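Undergrad: Structure provided below as structure tokens; questions to follow.
The values are calculated or read from the model by the stated rules, or taken from the named source; none is laboratory data. Computed from a predicted model, the values in this text were never measured in an experiment. Cβ coordinates were reconstructed from backbone atoms using ideal geometry, including for glycine residues, and neighbour counts include every protein chain displayed. Accessible surface areas use protein heavy atoms only, side chains included; no ligands, DNA or RNA. Shrake-Rupley method; radii C 1.70, N 1.55, O 1.52, S 1.80 Å.
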Amino acid sequence: MAKKHQHHQTAAFTPAELRPRIERARREGRFQQALELAKQLHKYESTPEHVELLKEVYLGRARQLRTQGQPRDALTVLDAASRLDATTPEWLERLAEEMALCGEVARTLALIEKLPEASAARLLMFAADAAMQQEAAGRAALPPSLREDFDRVVLAFQQTESGQDEAARATLQGIGLRSPFLEWKLLLRGLQAYWQNDDVRALENWQRLTPERLPARLAAPFRFHIDSAFRGAQPPAVQAVLQKQSDRLQGSPLLTHLRTLQATMADKNKLASAFRQAEALLPVLRQEAPQLVPRLARCFYWAVLETGPDDLLRYQRVFGKPADDPNFHRLQALGYEKGDDLAEAHQHWHEYEKEIAAHPQNWPGDQADHARALIWLRMGQNAASVPETRRAQRRQFSLFGLDEPPRPLHPPAEKCLQKSLQLAGDLLETHEALIRYHREGKREAKAEKAARELLEQFPDHVPTLELLGDLRRQRGDHEQAMELMQQAMRGNALDRRLRRKVSEGHLLLARSHVESGRFDEARQQFQAALDLSNGADGGVIVAHWAACEFKSGDAAQAEELVRQALAQAPAAVGVAYLLAAEVGRLKLDRTLKTRFEEDLKRGLAEPTPAGAVFLARVLAELHTGGVKYIGQKGHAQKVKSYIHKARDLDFNESQLEELCRNLLDLEDYPKARRFADMGEFRYHNNPVFPYLHALGWIRAEGRRAGPYQVVPLLQRARGLLQGQPPNERRDRMLEDIDKHLRELNPFDLDFLRGIIETIGGGPDEDFDDGDDEW
């Protein structure tokens with residue numbers, strides 16, 4: 001027996017229960033059930049509030065039916081809704097708009113006659129759209145005053161279709177700015193521009209369309225094709241619909257096939273299926289759009305990099321051998337790099353370089369030499385990233401009991417980089433890589449030679465001028481170091497770090513003049529250093545100048561300078577320490593030694609944050625400058641004890657940063673790590689503290705932390721830095737972090753993960769194997 005249609009059962013509900021049920025049904029899109037419940041509520045109590053609720057539900061149901069492609073049923077619902085209220089303008093306006101969207105012209109116009117002029121003008125636009133959909137029937141329903149513009153739009157479409165663009169433009173001129181058919185005029189003008197490949201003019205017209213009206217919906221697939229901003233603003237579901245419409249309008253089945261292929265390639269596990277689709281598509285593609293075949297091949301070429309070498313044969317069967325990589329050596333080299341197998345990558349890069357050298361005719365002009373130079377550079381960078389044997393044993397492998405570190409690559413880094421420069425001497429990146437390689441290997445003489453070779457090609461390269469200046473300063477050649485730093489500063493006069501280095505250079509020259517008794521020359525250098533200084537630097541410079549005047553015998557001037565130093569310095573104890581050190585270094589009068597020793601003793605009695613930072617800086621400068629004097633060891637021990645006592649004080653963020661950097665320069669790595677850890681806890685969004693904490697382990701000699709301790713610190717700092725806007729300081733830190741991460745991961749990450757799980761009790765999700773199929 002056939003089942004009878006089951007209606008929703010609503011009679012059992014009281015008015016108090018009906019209202020929440022109606023609201024829930026509306027939220028869930030069950031408008032038919034909501035309508036039945038709302039009618040029952042209205043029947044129980046016909047209050048104004050219940051009437052308004054019933055109106056809203058009627059409109060919601062009508063809108064739902066219209067969007068489902070059932071405009072006639074929607075009009076039936078609207079007819080019933082119109083009986084609720086035939087006088088309220090706001091309600092009639094909403095009914096008229098919904099009827100117009102359903103394509104009903106006559107009843108829309110009848111309602112418009114009951115509305116104010118402002119509302120009627122807006123609704124006439126929707127009536128015009130409905131009339132265009134109804135064609136002849138719609139025209140007949142329009143008042144005579146609107147039929148002329150209706151006819152103009154129809155005629156202009158006909159003229160455009162027959163290629164009479166000028167006649168169509170003349171016809172459209174008759175449609176005024178206040179006409180309800182104005183947007184149809186904009187639609188057609190945009191289509192004319194689109195067909196003439198004038199996308200800018202097409203968008204100028206279509207961007208003026210009202211999104212709720214029919215012309216905007218008709219233009220949407222075309223606009224989707226040429227307007228990336230419009231395309232990106234659409235929800236994913238709308239994008240999918242417009243993409244299908246756009247593909248159909250382009251008139252080529254290729255687009256549909258290419259979209260399907262694109263979706264398949266998005267999943268790297270389906271690349272074999274994508275190759276089969278491409279193989280079937282290629283004959284049609286070669287016939288209809290042969291220029292796209294190389295581009296499609298290139299897409300698959302790079303897709304193979306993500307999947308592994310098994311797909312190389314599929315690629316070769318479908319597309320043949322690529323002209324610029326016939327034996328896939330470049331692709332395999334990149335794949336082995338991705339899988340952290342640099343030895344195999346090195347060999348494939350070498351074979352690829354040989355291929356280019358053997359067939360220079362495939363590389364017009366000097367492209368062959370340039371390409372080979374870039375390959376040698378890549379090989380040099382890879383070879384340099386493998387830690388030297390002794391360093392590797394000391395840093396990682398002895399920690400984990402491994403017998404053999406990774407073997408150096410052949411050819412070695414220096415040979416690869418030199419070969420790159422022989423082929424392209426003006427390749428700046430290679431010059432920089434060679435300098436960096438020698439610097440990291442502590443080969444200062446070779447680094448200096450490489451820096452001078454770079455400056456022959458690029459005489460105003462600021463980073464190299466700065467580096468060479470640092471190298472000359474380390475060798476005690478302060479005059480040449482000063483010249484190089486000044487040249488670097490001329491290339492970047494606003495760099496505060498360079499200005500400080502030039503100021504320090506003047507100070508070093510001044511101190512050397514004092515030691516030699518050339519006091520006038522020293523005063524000139526002190527003044528030059530002051531002119532470039534700011535903040536605490538001024539107090540340091542003036543204190544050194546005071547020592548110079550004590551040495552020269554001008555006690556009055558020396559005392560005045562001491563007063564100035566105390567006024568400018570952030571902490572008097574630092575000035576006392578600096579003067580005590582200078583008195584010992586310059587062998588000044590014993591009474592001065594006693595005086596400043598007493599000042600230092602009083603200053604060390606009560607630690608302060610500013611005092612700890614300033615003392616660490618002075619101690620670090622004495623350490624890095626190689627200053628030696630009698631009593632130095634005792635001074636240093638007292639200062640370190642003072643800094644230790646200050647560990648519980650309330651340092652601000654900038655003080656902690658400077659203190660950590662000073663302690664690293666001082667090579668007091670345990671204290672640097674302790675204060676960096678404090679900074680991480682207090683200022684957890686500052687990337688400097690995890691970075692400095694990691695450096696406190698990396699630079700330490702003897703007992704070291706393993707990668708499982710240092711890598712998370714570097715990765716945290718890197719993540720925080722990537723969230724900051726680009727600048728020179730940020731980029732320099734990121735480069736240094738990446739270098740250390742490469743050094744700390746010289747072996748297979750599966751082994752490292754096992755160590756982490758053993759120590760931490762669980763897997764570490766921050767590590768990614770990459771693709772080890774190569």
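Undergrad: Does R152 satisfy being at pLDDT 85 or above, touching a Gly at 6+ places or on another chain (Cβ under 9 Å), surrounded by 15 or more Cβ atoms within 10 Å (Cβ to Cβ) and among the charged types (D, E, K, R)?
TA: yes
Undergrad: How many of the residues in the range 232-259 are closer than 26 Å to M125 by Cα, open to solvent by 30 Å² or more (accessible area, probe 1.4 Å) and part of a helix (DSSP H, G or I)?
TA: 4
Undergrad: Let me spell it out: the conditions are (1) of a type in the set (D, E, K, R); (2) farther than 21 Å from R213 by Cβ; (3) surrounded by 22 or more Cβ atoms within 10 Å (Cβ to Cβ), and K55 meets all of them except one. Which number is the exception?
TA: So the condition that K55 fails would be (3).
Undergrad: Okay, next question. Taking the condition charged (D, E, K, R) and surrounded by 14 or more Cβ atoms within 10 Å (Cβ to Cβ), does E456 pass?
TA: no
Undergrad: Please work out which residue is modelled with the lowest pLDDT, limiting yourself to the range 396-440 and to residues that are part of a helix (DSSP H, G or I), of a type in the set (A, V, I, L, M, F, W, C) and out of contact with any Gly (no Cβ under 8 Å at 6 or more places or on another chain).
TA: F397
Undergrad: Which count do you get for residues in the range 513-538 that are buried (at least 23 other Cβ atoms within 10 Å of the Cβ) and closer than 17 Å to A567 by Cβ?
TA: Looking only at that region, the number is 1.
Undergrad: Which residue pairs have Cβ atoms under 8 Å apart, sit 6 or more places apart or on different chains, and have a first residue in the range 366-383 that is over 14 Å from E432 (Cα atoms) and a second that is acidic (D, E) and surrounded by fewer than 22 Cβ atoms within 10 Å (Cβ to Cβ)?
TA: Partner pairs satisfying both residue conditions: N382/E337.
Undergrad: If you don't mind, there's one more thing I want to ask. Based on this model, can you work out whether D340 counts as assigned to a loop (DSSP other than H, G, I, E, B) and farther than 25 Å from A278 by Cβ?
TA: yes
Undergrad: Within the bounds of the range 703-716, is there any residue that is under 30 Å from P570 (Cα atoms) and open to solvent by less than 50 Å² (accessible area, probe 1.4 Å)?
TA: So far as the range 703-716 goes, no, none of its residues is under 30 Å from P570 (Cα atoms) and open to solvent by less than 50 Å² (accessible area, probe 1.4 Å).
Undergrad: Looking at D151, D129 in this structure, which one is in contact with a Leu (Cβ under 6 Å, 6 or more places away or on another chain) and of a type outside the set (A, V, I, L, M, F, W, C)?
TA: D129
Undergrad: Oh, and also: How about the range 632-662: which of its residues are part of a loop (DSSP other than H, G, I, E, B), open to solvent by 40 Å² or more (accessible area, probe 1.4 Å) and not aliphatic (A, V, I, L, M)?
TA: Of everything in the range 632-662, those that are part of a loop (DSSP other than H, G, I, E, B), open to solvent by 40 Å² or more (accessible area, probe 1.4 Å) and not aliphatic (A, V, I, L, M) turn out to be D650, N652.
Undergrad: Which ones in the range 169-227 are within 23 Å of V241 (Cβ to Cβ), in a loop (DSSP other than H, G, I, E, B) and among the polar types (S, T, N, Q)?
TA: Q207, T210
Undergrad: State all residues of the range 190-231 that are under 18 Å from A156 (Cβ atoms), among the aliphatic types (A, V, I, L, M) and open to solvent by 40 Å² or more (accessible area, probe 1.4 Å); if no residue qualifies, say none.
TA: L218
Undergrad: One residue is enough: does the range 603-611 have a residue meeting the conditions over 12 Å from A581 (Cβ atoms), among the acidic types (D, E) and open to solvent by 40 Å² or more (accessible area, probe 1.4 Å)?
TA: Checked against the condition, which is being over 12 Å from A581 (Cβ atoms), among the acidic types (D, E) and open to solvent by 40 Å² or more (accessible area, probe 1.4 Å), the range 603-611 yields at least one hit.
Undergrad: Going residue by residue through the range 176-185, is there one that turns out to be over 28 Å from I112 (Cα atoms), buried (at least 19 other Cβ atoms within 10 Å of the Cβ) and touching a residue at least 12 places away in the same chain (Cβ under 8 Å)?
TA: Scanning the range 176-185 turns up no residue that is over 28 Å from I112 (Cα atoms), buried (at least 19 other Cβ atoms within 10 Å of the Cβ) and touching a residue at least 12 places away in the same chain (Cβ under 8 Å).
Undergrad: Confirm whether G696 is in a helix (DSSP H, G or I) and either crowded, with 18+ Cβ neighbours inside 10 Å or touching a residue at least 60 places away in the same chain (Cβ under 8 Å) (or both).
TA: Taking the combined requirement at face value, the residue satisfies it.
Undergrad: Give, as residue ranges, the helices (runs of 4 or more DSSP H) completely inside the range 59-146 that count at least 2 residues that are open to solvent by 50 Å² or more (accessible area, probe 1.4 Å) and within 20 Å of I175 (Cβ to Cβ).
TA: 117-134, 136-141
Undergrad: If you don't mind, another one. State yes or no: is Q393 out of contact with any Lys or Arg (no Cβ under 8 Å at 6 or more places or on another chain), open to solvent by 10 Å² or more (accessible area, probe 1.4 Å), at pLDDT below 90 and of a type in the set (S, T, N, Q)?
TA: Considered against the rule, which asks whether it is out of contact with any Lys or Arg (no Cβ under 8 Å at 6 or more places or on another chain), open to solvent by 10 Å² or more (accessible area, probe 1.4 Å), at pLDDT below 90 and of a type in the set (S, T, N, Q), Q393 comes out as yes.
Undergrad: So, in the range 663-693, of the ones that are open to solvent by less than 50 Å² (accessible area, probe 1.4 Å) and outside any helix (DSSP H, G or I), which residue ends up nearest to K442 (Cα to Cα)?
TA: In this case the residue turns out to be L666.
Undergrad: Do we find that E621 is within 21 Å of A676 (Cα to Cα) and outside any loop (DSSP other than H, G, I, E, B) in this structure?
TA: yes
Undergrad: Restricting to the range 564-602, count the residues that are open to solvent by 50 Å² or more (accessible area, probe 1.4 Å) and among the small types (G, A, S).
TA: Residues meeting the conditions: 2.
Undergrad: So if I check each of R590, R585, R595, R602, which one is basic (K, R) and within 24 Å of R500 (Cβ to Cβ)?
TA: R585
Undergrad: Cβ-Cβ below 7 Å, separation at least six or inter-chain, first residue in the range 500-512 and open to solvent by less than 40 Å² (accessible area, probe 1.4 Å), second hydroxyl-bearing (S, T, Y): which pairs?
TA: S503/S533
Undergrad: Looking at the range 576-606, which of its residues are within 21 Å of Y642 (Cα to Cα), of a type in the set (D, E, K, R) and part of a helix (DSSP H, G or I)?
TA: Residues satisfying the conditions are E582, K593, R595, E597, E598, D599, K601, R602.
Undergrad: What's the number of the only condition in (1) in contact (Cβ under 8 Å) with a residue 24 or more places away in the chain; (2) open to solvent by less than 10 Å² (accessible area, probe 1.4 Å); (3) within 51 Å of the chain's Cα centre (by Cα) that L561 fails to meet?
TA: Every condition holds for L561 apart from (1).
Undergrad: Does A278 satisfy being over 25 Å from R372 (Cα atoms) and surrounded by 17 or more Cβ atoms within 10 Å (Cβ to Cβ)?
TA: Yes: the conditions hold for A278.
Undergrad: Then there's this: How about the range 574-610: which of its residues are among the polar types (S, T, N, Q) and either closer than 23 Å to D648 by Cα or touching a residue at least 24 places away in the same chain (Cβ under 8 Å) (or both)?
TA: The one that is among the polar types (S, T, N, Q) and either closer than 23 Å to D648 by Cα or touching a residue at least 24 places away in the same chain (Cβ under 8 Å) (or both): T608.
Undergrad: While we're looking at this one, here's another question. Kindly indicate which of R699, R704, R673 is under 23 Å from R742 (Cα atoms), charged (D, E, K, R) and at pLDDT 90 or above.
TA: R673
Undergrad: Inside the range 344-355, can you point out the residues that are surrounded by fewer than 21 Cβ atoms within 10 Å (Cβ to Cβ) and either free of Cβ contacts under 8 Å to residues at least 40 places away in the same chain or acidic (D, E) (or both)?
TA: The answer is E344, Q347, E351, K354, E355.
Undergrad: Please determine, by comparing only the residues of the range 618-631 that are open to solvent by 40 Å² or more (accessible area, probe 1.4 Å) and among the β-branched types (V, I, T), which one is nearest to R699 (Cα to Cα).
TA: Among those that are open to solvent by 40 Å² or more (accessible area, probe 1.4 Å) and among the β-branched types (V, I, T), it is T624.
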